[in-house]
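S.K.: Got a structure for you, questions after.
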Amino acid sequence: MARVRIIGGGLTGILAAFEAHRLGAREIVLEDALDRLGGWSLPRVSHGVELRDGEFAFGPAQDPIRQALEWRGVAFDEVDLHDGAISPSPNGPRASWGEGPVLSADVTTPSAAAQPETLNDILRAYPRSAADPLAHYCQWRLGVWLDQVHASAAPALGLHQVRLAPVGEASSPNVSSPRRGAVPRDGLNGLFTSASRALARLGVEIRLHSLVSPREVAQACGEDETVVWAADPMPLFDLASHKAPKPRLIGERVASYVFRARLEAPLPLTVRNYTGEGKVSALRVYQSRGETLVSVECVDEVGDEPLRAEVLRLLAPFARRPMILDACVLTNMRTRFACPSVEAVQRLDRLEVELAQRFQGRFLVAGWESADAGARISGLTDRMARSLGPAARISAVA
């Protein structure tokens with residue numbers, strides 16, 4: 001019987017285990033270095049309240065990731081997801097409802113960028129009046145030349161949602177156009193707990209506190225085993241036949257803060273700052289156990305007083321009345337690698353081809369950051385089906 005070994009117990013690894021079982025595999029091992037599944041998406045908990053410092057919402061009913069989790073018993077609540085943007089304009093910051101920036105331009109339809117490779121290739125499609133503030137915003141976030149950043153970073157920066165408005169068009173911050181989505185009924189911790197139980201019911205062996213190297217995994221990979229590397233892919237370069245320094249990553253320094261708050265606004269609410277000014281890049285307002293919390297992402301550390309002032313200023317256009325920020329209950333510093341460099345993408349592509357040839361398609365890489373997680377899981381499912389061969393019998397009921 002074909003064996004599937006999955007390295008990395010974040011959401012990608014969990015979904016890979018579900019898909020492997022759906023494809024007919026029955027000997028599945030899921031390994032993670034932490035003490036429980038969930039990876040770096042696991043929020044801290046204080047007195048039962050989740051202190052989240054990242055994304056927490058899922059898509060509508062047809063979202064394939066949500067469907068896969070619901071199929072295994074994870075409960076979701078349908079909600080309206082409210083998004084706001086603070087965009088730069090000649091007359092000062094401009095508040096609008098929607099996920100992406102709204103920029104004034106004489107030409108409101110960008111030219112088509114044929115197969116863009118870098119962020120700069122994407123920006124060149126916009127008129128100068130929009131491209132310049134977008135470039136300023138990206139450099140504020142990343143601090144590097146944009147020709148070094150791969151085009152796949154655009155969704156992580158909100159550049160897939162840019163709207164060009166005629167010069168002089170008034171913004172409409174008081175009209176909300178929510179998108180339909182869902183949040184886990186029992187929070188993110190509840191989601192991973194439910195998923196862990198579902199995996200156990202399927203017979204998946206879960207190994208925690210398991211820290212393995214790519215070389216160890218490769219040496220143990222037999223002819224009847226498929227390996228899915230769903231962890232950080234950078235250590236995989238140790239397996240490359242041509243030894244060279246690992247590609248340079250683009251690390252986005254993120255300082256996160258979570259406040260208790262009193263706020264009257266449509267929730268859950270996400271506000272993104274596209275001005276490239278100040279310290280706050282994103283705000284997420286959500287409820288956990290009846291409490292309202294504001295999760296703040298900053299491009300660098302900032303003192304308490306100026307941070308509170310900036311949060312209140314950015315949220316003011318979207319609140320029904322002035323909000324009150326209470327105690328700060330979480331401070332966290334991390335480096336996020338959601339914006340890959342051109343070099344990293346090119347070399348990882350070559351490495352995947354090399355591993356596919358060396359292991360006859362039985363060593364699959366699934367952990368590379370991508371804004372379209374559904375497409376990533378779909379592609380992984382296709383490759384697992386080919387690797388498992390006769391064992392890949394898709395059934396209606398797993």
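The values are calculated or read from the model by the stated rules, or taken from the named source; none is laboratory data. Please read all numbers here as calculations on a predicted model, not as lab measurements. Here the Cβ positions follow ideal geometry from the backbone for every residue, glycine too, while neighbour counts run over all protein chains shown.
S.K.: From (1) more than 30 Å from Ala220 (Cα to Cα); (2) modelled with pLDDT under 90; (3) part of a helix (DSSP H, G or I), pick out the condition that doesn't hold for Arg376.
M.R.: (1)
S.K.: For Val311, only one of the following conditions fails: (1) under 26 Å from Leu81 (Cβ atoms); (2) outside the structural domain of Leu283 (by TED's automatic domain parsing); (3) β-branched (Val, Ile, Thr). What is its number?
M.R.: So Val311 meets the others, but not (2).
S.K.: Another one. Sort out which residues of the range 316-365 are under 17 Å from Leu283 (Cα atoms), β-branched (Val, Ile, Thr) and under 24 Å from the mean Cα position of the chain (by Cα), and write them in order of number.
M.R.: Val329, Thr331
S.K.: Specify the residue that is nearest to Leu164 (Cα to Cα); the eligible residues are those in the range 98-119 that are surrounded by fewer than 21 Cβ atoms within 10 Å (Cβ to Cβ) and under 22 Å from the mean Cα position of the chain (by Cα).
M.R.: Gly100
S.K.: Okay, next question. Does Asp32 meet the test of being acidic (Asp, Glu), at pLDDT 90 or above, loosely packed, with under 15 Cβ neighbours inside 10 Å and out of contact with any Phe, Trp or Tyr (no Cβ under 7 Å at 6 or more places or on another chain)?
M.R.: No: the conditions fail for Asp32.
S.K.: A follow-up question, please. Looking at the range 235-255 only, could you name the residues that are small (Gly, Ala, Ser) and either free of Cβ contacts under 8 Å to residues at least 24 places away in the same chain or surrounded by fewer than 19 Cβ atoms within 10 Å (Cβ to Cβ) (or both)?
M.R.: From the range 235-255, those small (Gly, Ala, Ser) are 240-241, 244, 251, 255; that's our starting set.
Passing the criteria: Ala240, Ser241, Ala244, Gly251.
S.K.: Something else: Can you tell me which residue is surrounded by the most Cβ atoms within 10 Å (Cβ to Cβ) among those in the range 192-213 that are out of contact with any Gly (no Cβ under 8 Å at 6 or more places or on another chain) and assigned to a helix (DSSP H, G or I)? Explain how you work it out, then say what you get.
M.R.: If we filter the range 192-213 for residues that are out of contact with any Gly (no Cβ under 8 Å at 6 or more places or on another chain), which is where we start, we get 193, 195-196, 199-205, 207, 209-213.
If we keep only those that are assigned to a helix (DSSP H, G or I) as well, we get 193, 195-196, 199-201.
Details: Thr193: 16, Ala195: 24, Ser196: 19, Leu199: 22, Ala200: 11, Arg201: 10.
Checked the range 192-213; the qualifying residue surrounded by the most Cβ atoms within 10 Å (Cβ to Cβ) is Ala195.
S.K.: Taking the range 321-337 on its own, how many of its residues are hydroxyl-bearing (Ser, Thr, Tyr) and exposed (fewer than 12 other Cβ atoms within 10 Å of the Cβ)?
M.R.: Residues in the range 321-337 being hydroxyl-bearing (Ser, Thr, Tyr) and exposed (fewer than 12 other Cβ atoms within 10 Å of the Cβ): 1 in total.
S.K.: Also: Answer with yes or no whether Gly38 is among the small types (Gly, Ala, Ser), touching a Phe, Trp or Tyr at 6+ places or on another chain (Cβ under 8 Å) and in contact (Cβ under 8 Å) with a residue 60 or more places away in the chain.
M.R.: The answer is yes for Gly38.
S.K.: Also, quick follow-up: Being in the same structural domain as Asp32 (by TED's automatic domain parsing), surrounded by fewer than 18 Cβ atoms within 10 Å (Cβ to Cβ) and without any contact (Cβ under 8 Å) to a residue 40 or more places away in the chain narrows it down to one residue among Ala316, Ala356; which is it?
M.R.: When all the criteria are applied, what remains is Ala356.
S.K.: Right, another one. Only one of Val285, Val217, Val228 is modelled with pLDDT of 90 or more, among the aliphatic types (A, V, I, L, M) and either closer than 19 Å to Cys328 by Cα or in the same structural domain as Gln148 (by TED's automatic domain parsing) (or both). Can you tell me which? Spell out the reasoning first.
M.R.: Values: Val217 fails: either closer than 19 Å to Cys328 by Cα or in the same structural domain as Gln148 (by TED's automatic domain parsing) (or both); Val228 fails: either closer than 19 Å to Cys328 by Cα or in the same structural domain as Gln148 (by TED's automatic domain parsing) (or both).
Residue meeting the stated conditions: Val285.
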